[in-house]
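All of the numbers you see were taken from the coordinates with simple rules; none came from a lab. Being a predicted model, the structure only gives us computed values, none of them experimental. Note that each Cβ is placed from the backbone with ideal geometry, even for glycine, and that neighbours are counted across all protein chains shown.
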Amino acid sequence: MSAVELAVACFREGFSCAQAVFSTYATEFGLDREKALAIAGAFGGGMGRLGEVCGAVTGAFMLIGLKHGKIRAEDDQARDTTYALVREFADKFKSRNGSIRCKELLGYDISTPEGLALAEERELFSTVCPKLVRDAAEIIEQMLATADAEGG
């Protein structure tokens, strides 16, 4: 099973979109799966079900940080690289889905009981979200591989 399929399977098992994307690739950077699941646990549903940035997107952003993030105060180049890659990821995700915001992707504000109920009633978490996880995984996998090929 490919890593992209593993991410989708993780989501279908009952983990959040953020957990599915982040935990699938975080082990490549020395994080064990349990720790990765815990770290990403607050980001599902657009950050704690606030309906803001899609968890699949934030999972990918965290992976970009793991690979390229600034770890020394004076390393502004790492910061700039990370921010540029975050923008690149966001652009690619938006080109596939029109937005990176959960509310816009689902068409409902899941931060409200009414919006959440409607999203559940329309089964959006089992129809729309797996595609978003797949898209995020495909994009981040390609970006991570490109960075490796370029020596980054």
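Lysine pairs in the chain 8 or more apart or on different chains: how many have alpha carbons under 24 angstrom apart?
Taking the chain as the scope, the lysine pair count is 10.
Given a Förster radius of 30 Å and the C-beta distance between residue 32 and residue 121 as r, what FRET efficiency does 1/(1 + (r/R0)^6) yield to the nearest 0.05?
Details: r = 37 Å, r/R0 = 1.23.
Taking R0 as 30 Å, the efficiency between residue 32 and residue 121 is 0.25.
For residue 74 and residue 5, what does the FRET efficiency come to when R0 = 41 Å and r is the distance between their Cβ atoms, rounded to the nearest 0.05? Write out the running numbers ahead of the final one.
Values: r = 41 Å, r/R0 = 0.99.
It comes to 0.50.
Take the Cβ-Cβ distance between residue 112 and residue 87 as r, set R0 to 22 Å, and report the resulting FRET efficiency rounded to the nearest 0.05.
Numbers: r = 30 Å, r/R0 = 1.35.
Working from the Cβ atoms, E equals 0.15.
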